[in-house]
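Have a look at the structure below, then the notes.
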Amino acid sequence: MSESRLDRRGRLWTAIGPLTTPGHAGACFRISRPGAYRLACDLAGIAGKVGIEIASSHVTLDLTGHTLVGVPGSLDGIRITAPTAAHVVIRGGVVRCWGGDGVEAILLACGRVEGIFASQNAGCGINVGQACTVAECSASSNDAGGISVGAGSRVERCVARENGDYGISAEDHCAIESCAATANAGRGIRVREGTLVVHCTASGNRGRGICADRDGNLLVHNAVHGNEDASPCLCADMNNDGSMDAGDVGPFVTVLLTGTGCP
């Protein structure tokens, strides 16, 4: 497919392809205009190139269940390059084995990444900027971290497993809800200042289960168990006893206790 079409609801969308989204020396395909775009088949990367570059705001990229698979020497699977990108949605597919990040969207503000499975990338699985939402995604076996979000962002219903550093990392004033961080080489969930972490699990990580670097954070109704790092720091699960209780509270963390003491 090489032209714009209407879906069943009458919405216009464009298939990713050499005629509609031609690439260049640094990218296999490049989206340069606002609109809705879909991937119609799996895409294999090329050394020295990004898979799909998004150089515009107001873009929806739907992978429609397909896979972007990198090769040795490739760059990011999906990269946003517009310096003030906003209102970009990336959803619905697999991004694996790229030489950089799976989804590199640090320049994005007010965007959304949903239903993306990012694995075995040399960088971070999913990396977004400020005021973004990452929902129902999985980041596993990435050489760096799993999911990283900028200030004022939200991470919900995500899984981060067996990544080479942290599972989920959030800057100031974020919300992390109903997520699982397991068997990561660093901290399970890492937050900075003024962040809510609720209904999450963090287990089997080499670093802290849930760790807060600054003040004003609220951790409530989380389960933390079996994380290796038991050294004193201003974190949750400070005594590494598999639960978050009074022995785990530092000046940067507020823990609400319920029932037997496991928030």
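So in the stretch 45-62, with the set limited to residues that are of a type in the set (A, V, I, L, M, F, W, C) and under 22 Å from the mean Cα position of the chain (by Cα), which one is surrounded by the fewest Cβ atoms within 10 Å (Cβ to Cβ)?
Top of the filtered list is Ala55.
Which pairs turn up if I take residues in the stretch 41-59 that are farther than 18 Å from Ala15 by Cα and look for partners that are aromatic (Phe, Trp, Tyr) and surrounded by 13 or more Cβ atoms within 10 Å (Cβ to Cβ) with beta carbon separation below 7 Å, at least 6 apart in sequence or on another chain?
Short answer, once both residue conditions are applied: none.
What are the residues in the stretch 153-184 that are aliphatic (A, V, I, L, M) and within 17 Å of Asp101 (Cβ to Cβ), if any?
Val155, Ala160, Ile168, Ala170
Collect the residues in the stretch 98-131 that are under 17 Å from Val191 (Cβ atoms) and surrounded by 24 or more Cβ atoms within 10 Å (Cβ to Cβ), keeping them in residue-number order.
Hits for the stretch 98-131 are Cys124, Ile126, Asn127, Val128.
Every residue, every condition in (1) closer than 24 Å to Ser138 by Cα; (2) surrounded by 18 or more Cβ atoms within 10 Å (Cβ to Cβ), yes or no:
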residue	(1), (2)
Gly23	no, no
Arg30	no, yes
Tyr37	yes, yes
Leu43	yes, yes
Thr64	yes, no
Leu75	yes, yes
Arg79	yes, yes
Arg91	yes, no
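Yes or no: the stretch 179-196 includes at least one residue that is acidic (Asp, Glu), surrounded by fewer than 24 Cβ atoms within 10 Å (Cβ to Cβ) and within 17 Å of Leu218 (Cα to Cα).
Scanning the stretch 179-196, I find at least one residue that is acidic (Asp, Glu), surrounded by fewer than 24 Cβ atoms within 10 Å (Cβ to Cβ) and within 17 Å of Leu218 (Cα to Cα), so the answer is yes.
Kindly list, by first and then second residue, each pair from a residue in the stretch 70-89 that is touching a residue at least 24 places away in the same chain (Cβ under 8 Å) and assigned by TED's automatic domain parsing to the domain that holds Val50 to a residue that is crowded, with 19+ Cβ neighbours inside 10 Å and among the aromatic types (Phe, Trp, Tyr), limited to pairs with Cβ atoms under 9 Å and residues at least 6 apart or on different chains.
Within 9 Å, the pairs are Gly70/Trp98; Val71/Trp98; Ser74/Trp98; Leu75/Trp98; Asp76/Trp98; Gly77/Trp98; Ile78/Trp98.
Has the stretch 167-185 got any residue that is under 30 Å from Ala44 (Cα atoms), within 11 Å of the chain's Cα centre (by Cα), of a type outside the set (Val, Ile, Thr) and part of a loop (DSSP other than H, G, I, E, B)?
Checked the stretch 167-185: at least one residue is under 30 Å from Ala44 (Cα atoms), within 11 Å of the chain's Cα centre (by Cα), of a type outside the set (Val, Ile, Thr) and part of a loop (DSSP other than H, G, I, E, B).
Could you list, in sequence order, the residues of the stretch 87-107 that are in a loop (DSSP other than H, G, I, E, B) and touching a Phe, Trp or Tyr at 6+ places or on another chain (Cβ under 8 Å)?
none
The values are calculated or read from the model by the stated rules, or taken from the named source; none is laboratory data. Nothing here was measured: the structure is a model prediction, and the numbers come from that model. For neighbour counting, all protein chains shown are included, and Cβ atoms are generated from backbone atoms with ideal geometry for every residue, glycine included.
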